Amino acid sequence: MSKSVFCLSDNESQAERIVDALKTAGFSNNYISVLFPDKSGTKDFAHEQHTKALEGAATGAGTGGVLGGALGWLVGIGALAIPGVGPFIAAGPIMAALAGAGVGAAVGGLSGALIGMGIPEYEAKRYEGKIKEGNILISVHSENSDEVDRAKEIFERAGAHDISYSEEIGVPKQDRPRA
């Protein structure tokens, strides 16, 4: 079963080192997510571009953000606002989870969207609080236990904290008829 491995980074340069290490270790840019508050003072890290955020993003989403360095390699980068929480920059599958069908707004802001991605409720609430304080959430989809271990090792080496993993929620597979 697929898992996602999560961690929190203290700052942008640490997040870039982690994403670069994941890239070097062979993780696909389609499987890595990054989420952080969109602070007006981070012009060196994210700059405004004249593109619209994904359709269906929570109310208040304006223009998309483009990240520099290793984070620019990620897919689905955009800016969005989560009602009651504030503006964020997101990249990877987490952007689709937050923007698609208003998941975050429908089930309780950022922690609701994280719960929808398979993170246990108590961890999702802890992550939400730490992200609001300025930490950066990084997650990577892993197909097997070797990838989970590799991702955890990369997070640990980079000095990330609050490292955890969870089963991903997906569409249940139908059982095959027995012969």
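The values are calculated or read from the model by the stated rules, or taken from the named source; none is laboratory data. These figures come from a predicted structure and were not determined experimentally. Please note that ligands, DNA and RNA were not included when accessible areas were found on the heavy atoms of the full protein model with its side chains. Shrake-Rupley method; radii C 1.70, N 1.55, O 1.52, S 1.80 Å.
So how exposed is D10, as accessible area in Å² (1.4 Å probe, rounded to 10)?
Solvent-accessible area, nearest 10 Å²: 90 Å².
Ignoring ligands, DNA and RNA, how do S33, S28 rank by accessible area with a 1.4 Å probe, largest first? List each step's numbers first, then the result.
On the way: S33 5, S28 40 Å².
These residues rank, largest area first, as S28, S33.
Taking H as built 1.01 Å from N, whose amide H comes closer than 5 Å to the amide H of V75, not counting residues under 5 places away?
Under 5 Å from the amide H of V75: G92.
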